Amino acid sequence: MTADFEAFLKDVLSPMIDHPEALRIEVREAGKKREVMIFAEQADRGRIIGKSGRMISSLRTLVQAAGEKHGLLVNLELFDEDDKDRLRRPRADHPASSTEA
């Protein structure tokens, strides 16, 4: 049985935000690593982050602990709904190998 990060985060976050219909959780898997991405309306991001970042920090701690229980390394990030297109594009931070010596 694996951790269901999407269901957990929706259950926790939906009651506390103004636009729960816009809340979207994506989980990308790569071996034992999980990248959990929360997409929310700009207006709801403050509530998800919480005062001094306490809420997002607590959420990170909880999903990391759940992941460890299942032998997974989990990273949680919060994005604005407008960031979704940027994330789907191929990453350009790994330039092609150079022939310079």
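Numerical summary
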| item | result |
| --- | --- |
| Matching residues, the stretch 1-55, being touching a residue at least 40 places away in the same chain (Cβ under 8 Å), in a loop (DSSP other than H, G, I, E, B) and of a type in the set (Val, Ile, Thr) | Thr2 |
| Single residue of the stretch 7-59 satisfying the filter (loosely packed, with under 13 Cβ neighbours inside 10 Å and among the basic types (Lys, Arg)) that is nearest to Val74 (Cα to Cα) | Lys33 |
| Conditions (1) outside any helix (DSSP H, G or I); (2) in contact with a strand residue (DSSP E or B) (Cβ under 6 Å, 6 or more places away or on another chain); (3) among the small types (Gly, Ala, Ser): number failed by Gly71 | (2) |
| Qualifying residue in the stretch 79-101 (condition: touching a strand residue (DSSP E or B) at 6+ places or on another chain (Cβ under 6 Å), among the charged types (D, E, K, R) and either modelled with pLDDT of 95 or more or exposed (fewer than 12 other Cβ atoms within 10 Å of the Cβ) (or both)) | no |
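The values are calculated or read from the model by the stated rules, or taken from the named source; none is laboratory data. Predicted, not measured: the structure shown is a model, and the values here were computed from it. As a convention, Cβ positions derive from the backbone with ideal geometry for all residues, glycine included, and neighbour counts pool all protein chains shown.
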